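Presented below is the structure to which this report refers.
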Amino acid sequence: MWEFVKEHWRDGVEIIILAALAYHGYLFFRATRGARILTGLLILLLSLALISQLLELEVISWLLQRISVFLAVALVVLFQPELRRVLAELGSHRLFSFNRPDPESLDVLLEAMQTLSARRCGALFALKRGIDLKQFVETGVEVDAAMSVELICTIFHPKTALHDGGVILDQGRIQAAGCVFPVSQKEVRDRAIGLRHRAGMGVTEETDAIALIVSEESGALSIAYRGRLEHDLEPEELRNRLNELLTFGSVKSETQADEASRETVAA
């Protein structure tokens, strides 16, 4: 037994690495349009390969071998948003991210969200972390002001010019308002999830930011992270989730976000 382990331990390491890569790849690609494309493509290729082997179809086998290089390039083009998200995650791991708002500013933000919720005023916030959000700042109006309940409620008042866009928060300050965020293309079951929620999901798909959303229709509070949305949270639940996501090295928070997102996003 010991001799077998000494001879084949590298094989076991390779299996573990490949299994981990496949599992995390599944977590990244599931619930996206790319996941369905990839599933259909894999089914088609595996079916053709199996049929060509069983029936000894030499031409089909030759074609499958020759198009493999072109297929790799096509996959990069098809899954460009997902691959960009993976690379962004690798480059902005918590080990390299130290941008955390102070507790006082978080209290102000959560108080403002509850006030907006009571007034049925829609709102969208993006909390900057490791990845720079300058590309989104440029789509809005730079503010660079200290955070306050009054200022936030003024920005998102329906009569103001900036209420339709998102607010970018950086280290407890309002960096910009009226910003345009990318809209997520994920399929969502809940019809209460509108454009504002999709924009919150979209900015967290392309960056490591955390998005906070107040629904205009219902006043529901939501949080989005890594493209996953947790909808209709109580104020205390929102506070706890935000603290968990901002906690350095918290693995539990990501697992809970995965479980909560299964109820909102269609697989």
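Only the coordinates and a few stated rules stand behind these numbers; no lab work does. Note that the structure is a prediction, hence the values are computed from the model and not measured. Counting neighbours? That spans all protein chains shown, and the Cβs are built from the backbone with ideal geometry, glycine included.
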* Measuring from label point to label point, each 7 Å out along Cα→Cβ, what is the D107 to W62 span in nm? -> 7.6
* **Net lengthening on full extension, Q114/T160 (0.36 nm per residue, minus Cα-Cα)** => 14.6 nm
* Structure fact -> Cβ density ranking, 10 Å radius, fewest first, applied to R189, R228 yields R189, R228
* What is the gain in length, in nm to one decimal, between A22 and E138 on full extension, counting 0.36 nm per residue of separation less the C-alpha to C-alpha distance? -> 38.1 nm
* Asked: In nanometres, what is the gap between the two model label sites at V5 and L195, each 7 Å from Cα along Cα-to-Cβ?
  -> 6.2
* Asked: Which order results if H8, H163, H231, H197 are arranged by neighbouring Cβ count within 10 Å, fewest first?
  -> H8, H163, H231, H197
* Difference of contour (0.36 nm per residue) and Cα-Cα distance, F70 to A145 -> 21.9 nm
* To do: Going by C-beta contacts inside 10 Å, put Y225, Y23 in order with the fewest on the left.
  => Y23, Y225
